[in-house]
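> Take this structure first; my questions come after.
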Amino acid sequence: MDEISFRIFRFDPSRDAEARYQLYRIRPEPGLTVLSALVNLREEQDGSLAFRASCRSGICGSDAMLINGRARLACKTQVAEAAGDGTVTLEPLRGFPVLKDLVVDQSDFWEKLVRVKPWLIPGPEPAPERERLMRLPAQQFDELSRASDCIFCACCYAECPMEGRHRAYLGPAALVKAYRFEADPRDAGSAERRGALDHPDGVWRCHHVFRCTEACPKEIDAAWAIQQLQRRLAARHLRLKGDA
Ligand code: FES
């Protein structure tokens, strides 16, 4: 393919009445990523093009966008792979207000994350040890470790159909982070997180469509992590019922 078309969503809410798509042509080179193509486009053809990126290596999570309708990282997507019919369509992540072009306002995403208290809430100091040891079987440690790999790109959030229909739903990323700490034997924060998790817009909103798991660029099984939280809460409900 000599040339590839980039069809890019353009919208500046401070100036434009409505969004439009703008076409650009690029010459693909072997190994060119969508992010590199965007950088080239901005440097060589249109300095007004807005997108977010930082690490260029799948670590910071800042360049997530819809590439041909799917939420992906631009730095981890090859142009050659994306341009099946010769056109690559780029749009902002769905479910977020657009700040400009491919840049979205993620305030809601971060606010939901904070609601699950994604940090270690330690229990009483385990005397006589000074160090809080995790002491988990290797498989459980691996599961917990995978949940720690989240880079907050919000691909899962953009692909989740429940998030699209229920804006108050915490969403997969926040729930994966909650699982990360709920599964940590050093953590004693379940009671503090319960209000957010054990709620119609918490873990129970997930209907296991698995789009979050498919979308995750770090291959985190978000749907599985949410199931683990549901099982823990369901077991607690059964215990409470048995005690009554
Ligand atoms: S630029 Fe950091 S993940 Fe792509």
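The values are calculated or read from the model by the stated rules, or taken from the named source; none is laboratory data. Everything numeric in this text was worked out from a predicted model, so none of it was measured. Backbone-built Cβ (ideal geometry, glycine too); neighbour counts: all protein chains shown.
> Please work out which residue is nearest to the ligand (Cβ to nearest atom), limiting yourself to region 63-85 and to residues that are among the aliphatic types (A, V, I, L, M) and assigned to a strand (DSSP E or B).
So the residue we want is 73.
> If you don't mind, there's one more thing I want to ask. Name the residues in region 180-210 that are assigned to a helix (DSSP H, G or I) and either surrounded by fewer than 20 Cβ atoms within 10 Å (Cβ to Cβ) or in contact (Cβ under 8 Å) with a residue 60 or more places away in the chain (or both), would you?
180, 181, 190, 191, 192, 193, 194, 195, 196, 197, 204, 205
> Next question. Residues of region 233-244 being in a helix (DSSP H, G or I) and modelled with pLDDT under 95, which ones? Full working, then the answer.
Our first condition is that a residue be in a helix (DSSP H, G or I); within region 233-244, this holds for 233-243.
Within region 233-244, 235, 236, 237, 238, 239, 240, 241, 242, 243 qualify.
> Report whether or not residue 99 is more than 21 Å from residue 32 (Cα to Cα), in the same structural domain as residue 16 (by TED's automatic domain parsing) and surrounded by 19 or more Cβ atoms within 10 Å (Cβ to Cβ). Steps first, please.
Numbers: more than 21 Å from residue 32 (Cα to Cα): yes; in the same structural domain as residue 16 (by TED's automatic domain parsing): yes; surrounded by 19 or more Cβ atoms within 10 Å (Cβ to Cβ): no.
So residue 99 does not fit the description; no.
> Taking interchain pairs and intrachain pairs at least six residues apart, which have beta carbon atoms under 9 angstrom, with the first residue in region 219-234 and more than 27 Å from residue 61 (Cα to Cα) and the second of a type in the set (Lys, Arg) and surrounded by fewer than 18 Cβ atoms within 10 Å (Cβ to Cβ)?
Sorted first by the residue in region 219-234, then by its partner, the pairs are 233/194.
> Output the number of residues of region 148-173 satisfying the condition of being over 8 Å from the mean Cα position of the chain (by Cα), in a helix (DSSP H, G or I) and crowded, with 24+ Cβ neighbours inside 10 Å.
Total meeting the criteria: 2.
> May I pose another question? If I go through region 20-62 residue by residue, how many of them are under 20 Å from residue 80 (Cβ atoms), within 16 Å of the ligand (Cβ to nearest atom), in a loop (DSSP other than H, G, I, E, B) and not hydrophobic (A, V, I, L, M, F, W, C)?
Final tally of qualifying residues: 4.
> Among the residues of region 134-161, how many are within 18 Å of residue 65 (Cβ to Cβ) and more than 14 Å from the ligand (Cβ to nearest atom)?
The qualifying residues number 5.
> Only residues in region 43-68 that are buried (at least 16 other Cβ atoms within 10 Å of the Cβ) count as the first member; pair them with residues that are among the acidic types (Asp, Glu) and part of a strand (DSSP E or B), Cβ under 9 angstrom, at least 6 apart or cross-chain, and list the lot.
65/91; 66/91; 67/91
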